[in-house]
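Reading through the structure tokens given below for one structure.
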Amino acid sequence: SPVLRDLARRMLLSTATAPAGDGDRRSLMAIRIDRLVAMSDLLSAERLLRVAGPAAGSDVLARVEVESLLVRNDNDRLCTKVRSVDRDDRDFFWQKLLIFCQSLASEHAKAALGLALLRETAAPVDDAFGRLVRILGGDTATVVDSLPEPTPLHLAMMRAARQPLPADVAFSNDPNVLSTIALSPNASLDLRLEAGEKAEALGALAPVSLAQIYASVDFAAADLAQPVERAAEIGGARGRALLYRAIGAQADGAGRARILRAALAAAAESGRYASMARVNLGSVATRPSRR
């Protein structure tokens, strides 16, 4: 619910005095930032991070900051942060990030050594992470053809390695992961459509961004001439994209209303009614007024 998300966001960003309790106020700040990131409201999370400042420098805050940088594909700032943080060599989270940064800096021998050390310490090194380290190191024979539980780090490594995202990444229900996939240049259009619709429904992607993905789908003139019929045949996200394109291309108000009604009805059957309404709000708001 967009309304409930907005209420949650306003509460998390409130400047009101925190309620009395036994906990450390810095830990409350970390929890607030963590929840904003979970909602995929990264800009708000960064605002709180700036307020928290270095004095609040808990490990939780540092982790949230680097996850935000991963999602935004800001590898320069990410690696500056990773190399400057006071890491515990037993902390696998930071060791994996360091290996990624070493790979980006062409320090492949160090990255390979770090990966070997992680495996020797029985660290939870998934197959995809190991493959991506090898690919970034120049291994052209290795690919990542399955990634059912992607993390922001996986997606950042896939993008850096110019690896196409496998179809099963969209199985995720993580808002940050889905919004990243929707905007990834290394994701197929069908994958971006699927992830974009899920991300928009979760409030992690702006309706205008989903509309832009819809608008990027090419359709034949025959499809646009009979959009309602063809959308029913095509089905799924591409069918909804066709109806969106047709609504925008329709100059006649009555014709636009007919297609919009069909689009909302079809979206309701697949649980996408609210998303379709939000995406097409601009078309409704800009309809010609009667004189």
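The values are calculated or read from the model by the stated rules, or taken from the named source; none is laboratory data. Nothing here was measured: the structure is a model prediction, and the numbers come from that model. Here the Cβ is made from the backbone with ideal geometry for all residues, glycine too, and neighbour counts use every protein chain on show. Surface areas here come from the heavy atoms of the whole protein model, side chains and all, with no ligands, DNA or RNA. Shrake-Rupley method; radii C 1.70, N 1.55, O 1.52, S 1.80 Å.
Taking all Cα pairs closer than 8 Å and separated by 6 or more residues, the relative contact order of the chain comes to 11 percent.
With an 8 Å cut-off on Cα pairs and a minimum separation of 6 or more residues, tell me the relative contact order of the stretch 69-172 in percent. Reported relative contact order: 23 percent.
Our summary gives the stretch 169-291 a relative contact order of 19 percent, counting only alpha carbon pairs under 8 angstrom and 6 or more residues apart. With both labels modelled 7 Å from their Cα along Cα-to-Cβ, the Ala20 to Asp59 distance reads 3.2 nm. Seen against the Cα atoms of the chain and their longest principal axis, helix 2-12 is set at about 30 degrees. Computed from Cα atoms, the angle from the helix 236-249 axis to the main principal axis of the chain rounds to 60 degrees. Net charge of the neighbourhood of Gly271, taken over other residues with C-beta under 12 Å away and scored Lys/Arg +1, Asp/Glu -1, is +1.
Placing a label point 7 Å from the Cα of Ser270 along the Cα-to-Cβ line, the residues of the stretch 156-190 whose backbone N sits under 12 Å from it are 190. Oblate is the label for the chain, because the ratio a/c of its alpha-carbon gyration tensor axes (a ≥ b ≥ c) is 1.5 or higher and a/b is not greater than b/c. Here r is the Cβ-Cβ distance between Leu13 and Ala225 and R0 is 30 Å; the resulting FRET efficiency, rounded to 0.05, is 0.05.
Per residue, the chain exposes 54 Å² of solvent-accessible protein surface, assessed with a 1.4 angstrom probe and all protein chains in place.
When the chain is treated as a Gaussian network with alpha carbon springs shorter than 10 Å, the biggest mean-square fluctuation among Ser209, Ser270, Ser172 belongs to Ser270. Dipole orientation for the stretch 146-219: of the candidates Thr151, Pro175, Val217, Thr151 has the Cα lying most toward the positive pole (charges on Cβ; Lys, Arg +1; Asp, Glu -1).
Neighbours of Gly137, meaning other residues whose beta-carbon lies under 13 angstrom from its beta-carbon, give a summed charge of +1 when Lys and Arg score +1 and Asp and Glu score -1. Helical content of the chain, expressed as a calculated mean residue ellipticity at 222 nm, amounts to -19500 deg cm²/dmol (DSSP H runs of 4 or more residues, -39,500 (n - 2.57) each, divided by residue number, nearest 500).
Between the helical axis of 59-71 and the longest alpha-carbon principal axis of the chain there is an angle of about 40 degrees. Given 0.36 nm per residue, what is the gain on full extension from Ile31 to Asp190 after removing their alpha carbon distance, in nm? Result: 53.7 nm gained on full extension.
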